[in-house]
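Data first, discussion second: the structure below is written as structure tokens.
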Amino acid sequence: MIPAIVVFVYLAIVLYVGLFAFRKSTGSKEDFFLASRSLGPWVFLLTVFGTNMTAFAILGSSGLAYQRGIGVYGLMASSSGLIIPLTIFLIGTRLWALGKKHGYMTQVQYFRDRWECNGVGTVIFAVTSLMMIPYIVIGMMGGGHTLEELSGGLVPYWLGGAVVAIVVMAYVFFGGMRGVAWVNALQTVLFLAFGAIAFYLISRNLGGFDRIIGEIAASPKDSALLTRQRISPQEFFSYTFIPLSAMMFPHMAIMCLTAEKVTSFKRTVVWYPICILLIWLPSVFLGIVAAHQFPGLKMGESDDVILRLLVGNTDIIVAGILGAAIMACVMATDSQIMALSTMFSQDVFAHYGGTKRYGEKMQVWMGRAFVVVIAVISYILALVLEGQKSIFDLAIRFGFSGFAALAPVMLAALFWRRSNKWGALAAVLWVVACMVFMWWLQSYSNGMAPKPGQPPVAIFPELGRLFLRTPSNVTIHGYMPVMFMCIGSALWIFVVSLLTKAPSAATVERFFPKKSDN
């Protein structure tokens with residue numbers, strides 16, 4: 001229980017930070033939901049990075065590397081290190097400027113004004129809220145796995161997930177965005193240090209990096225882990241669409257509105273790729289080492305391989321400290337819960353007259369109540385999905401793919417004057433239809449999934465190799481569905497916008513003002 005106790009001490013510290021932020025609160029809605037738009041450059045950097053790194057980053061990446069090998073780093077980390085900073089620079093700064101000018105607290109508020117339509121905003125709120133739930137669920141799952149493995153099973157999965165849910169719910173409930181930002185800054189520093197320390201300690205205990213890699217390379221069964229053999233070129237290419245999700249994630253968009261100055265984005269753009277390398281490289285390497293050390297784990301079981309390596313190759317106190325670092329990454333789902341709370345209070349409660357009737361304080365309390373609702377729902381889903389889903393695959397299939405496919409909607413709103421509500425609605429409905437179809441296809445083909453390392457299977461032989469089933473996913477001609485979802489979304493918003501009425505001249509002038517002669 002000693003490593004688990006260390007983690008509990010860390011959770012108590014995190015809870016205190018959140019409660020301390022509550023004492024600094026002014027009680028206003030802008031303070032609770034956006035920390036009064038006052039985050040400095042370093043806190044902003046750590047918060048923006050930390051909010052996008054959840055259990056998916058450490059547990060999910062190592063679990064997938066266990067199954068697929070070193071190519072996992074190229075799948076996500078390399079493309080994310082380039083594309084996400086670019087989207088923060090191009091989209092994040094523009095959202096910040098619009099929020100500062102017009103008082104926006106969510107992206108849905110902007111969409112409603114930009115396209116002169118309440119209904120489109122409500123549809124986008126509903127769709128993005130549903131797609132955020134799986135992202136929060138993986139945090140609860142990661143917390144359950146972490147405490148169960150570190151305690152040797154003395155803290156069961158259901159209890160570990162409940163502890164994480166309660167702690168996150170408490171400091172988000174009381175501290176609001178300021179609590180989330182401060183906790184995220186602390187947690188990001190902790191899990192950034194985790195990778196190098198865990199890499200060094202585990203490698204040393206197993207005989208050194210050179211010896212481990214040599215053993216894996218010499219093993220006929222494991223040598224493929226050091227190549228891209230288990231990842232096809234089509235899958236590798238189509239994964240580059242996934243990082244487009246960054247600026248459509250509500251928590252990322254809302255976080256961009258919290259910066260005190262636009263200059264804060266410069267530091268974030270520069271440091272973001274370095275932070276990605278510090279997290280993903282050690283996690284992928286340790287996943288490969290675990291595949292050599294603990295062969296035969298199933299898809300869902302491989303999510304805790306880093307924890308197994310920690311417990312087996314470090315001192316129990318050190319295992320507890322590093323376990324707390326993993327827990328820090330797992331608990332980054334606080335930002336997603338905060339984002340859903342902000343969206344509900346602004347885009348539903350306030351938008352439909354709640355604040356006018358009941359006041360600003362009631363709006364804040366409605367946001368707090370929604371925090372509790374989301375945390376409870378996510379915890380229940382984490383219990384239902386225990387051992388059935390890989391954290392990485394759950395995030396990619398139901399989180400990243402959907403938000404990446406909505407990226408053309410954000411780009412059109414910010415940079416194309418002619419885009420309108422009908423084009424946006426068509427793109428959103430296309431994404432929803434694709435998500436439902438791929439969910440059905442995934443469920444339908446579960447029984448025919450090949451084992452890791454085996455070639456994909458045609459789901460409908462009469463259609464040739466159009467729809468293929470890999471060990472974990474469905475692909476289209478070998479490409480990830482997200483690629484076709486993104487292309488289709490862009491086509492729908494482009495074609496439908498051109499075929500329907502353009503936005504009014506007043507709206508165009510409001511968001512695309514002409515430059516003065518001076």
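The values are calculated or read from the model by the stated rules, or taken from the named source; none is laboratory data. Not measured: the values here are computed from a predicted model. All Cβ positions, even for glycine, are placed from backbone atoms using ideal geometry, and neighbour counts span all protein chains on display.
What to note about this one:
- The set of residues in segment 281-294 being under 21 Å from LYS221 (Cα atoms) and surrounded by fewer than 21 Cβ atoms within 10 Å (Cβ to Cβ) consists of HIS292, GLN293, PHE294.
Listed here are the residues, each with its yes/no results for (1) within 24 Å of the chain's Cα centre (by Cα); (2) within 21 Å of ALA65 (Cβ to Cβ); (3) free of Cβ contacts under 8 Å to residues at least 60 places away in the same chain.
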residue: LYS451; (1), (2), (3): no, yes, yes
residue: PRO461; (1), (2), (3): no, no, yes
residue: PHE467; (1), (2), (3): no, no, yes
residue: HIS477; (1), (2), (3): no, no, no
residue: VAL482; (1), (2), (3): yes, yes, no
residue: ALA490; (1), (2), (3): yes, no, no
residue: ILE493; (1), (2), (3): no, no, no
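- ALA198 vs. criteria touching a Leu at 6+ places or on another chain (Cβ under 6 Å) and under 14 Å from PHE285 (Cβ atoms): yes
- Remark: ALA162 falls outside the filter, which requires a residue to be surrounded by fewer than 24 Cβ atoms within 10 Å (Cβ to Cβ) and more than 16 Å from VAL371 (Cα to Cα).
- ALA259 meets the conditions (1) surrounded by 24 or more Cβ atoms within 10 Å (Cβ to Cβ); (2) modelled with pLDDT under 85; (3) among the hydrophobic types (A, V, I, L, M, F, W, C) in every case but one. The failed one is (2).
- Out of LEU86, LEU64, LEU75, one residue alone is part of a helix (DSSP H, G or I) and touching a Ser or Thr at 6+ places or on another chain (Cβ under 8 Å). It is LEU64.
Condition check ((1) buried (at least 23 other Cβ atoms within 10 Å of the Cβ); (2) over 23 Å from THR54 (Cα atoms); (3) acidic (Asp, Glu)) across all residues:
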site: THR93; (1), (2), (3): no, yes, no
site: GLY99; (1), (2), (3): yes, yes, no
site: TYR104; (1), (2), (3): no, yes, no
site: GLN109; (1), (2), (3): no, yes, no
site: ARG112; (1), (2), (3): no, yes, no
site: CYS117; (1), (2), (3): no, yes, no
site: THR122; (1), (2), (3): no, yes, no
site: VAL127; (1), (2), (3): no, no, no
site: MET132; (1), (2), (3): yes, no, no
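- Residue among LEU278, LEU297 that alone is closer than 19 Å to LEU46 by Cβ and surrounded by fewer than 22 Cβ atoms within 10 Å (Cβ to Cβ): LEU278
- Any hit, segment 416-427, residues being surrounded by fewer than 18 Cβ atoms within 10 Å (Cβ to Cβ), in a helix (DSSP H, G or I) and either in contact with a Ser or Thr (Cβ under 7 Å, 6 or more places away or on another chain) or without any contact (Cβ under 8 Å) to a residue 60 or more places away in the chain (or both): no
- Given (1) closer than 19 Å to ALA339 by Cα; (2) in contact with a Cys (Cβ under 7 Å, 6 or more places away or on another chain); (3) assigned to a helix (DSSP H, G or I), number of the condition ILE58 does not satisfy: (1)
- Taken residue by residue, segment 90-107 has no member that is under 30 Å from ARG230 (Cβ atoms), of a type in the set (Ser, Thr, Tyr) and assigned to a helix (DSSP H, G or I).
- Filtered residues of segment 251-309 (kept if touching a Leu at 6+ places or on another chain (Cβ under 8 Å), within 30 Å of MET105 (Cβ to Cβ) and among the polar types (S, T, N, Q)): THR258, SER264, THR268
Rundown of residues vs (1) outside any helix (DSSP H, G or I); (2) exposed (fewer than 15 other Cβ atoms within 10 Å of the Cβ); (3) out of contact with any Ser or Thr (no Cβ under 6 Å at 6 or more places or on another chain), yes/no style:
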residue	(1), (2), (3)
ALA4	no, no, no
VAL9	no, yes, yes
ALA12	no, yes, yes
VAL17	no, no, yes
PHE22	no, no, yes
SER25	yes, no, yes
ASP31	no, no, no
SER36	no, no, yes
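- When residues of segment 350-367 are limited to those that are surrounded by fewer than 18 Cβ atoms within 10 Å (Cβ to Cβ) and either assigned to a helix (DSSP H, G or I) or touching a residue at least 40 places away in the same chain (Cβ under 8 Å) (or both), the one nearest to the chain's Cα centre (by Cα): TRP365
- Qualifying position, being under 25 Å from HIS292 (Cα atoms), at pLDDT 80 or above and aliphatic (A, V, I, L, M), among ILE202, ILE166: ILE202
- Members of segment 284-308 that are in contact with a helix residue (DSSP H, G or I) (Cβ under 9 Å, 6 or more places away or on another chain) and not in a helix (DSSP H, G or I): PHE294, LEU297, MET299, GLY300
- The requirement of being at negative phi, crowded, with 24+ Cβ neighbours inside 10 Å, in contact (Cβ under 8 Å) with a residue 40 or more places away in the chain and polar (S, T, N, Q) is satisfied by SER245.
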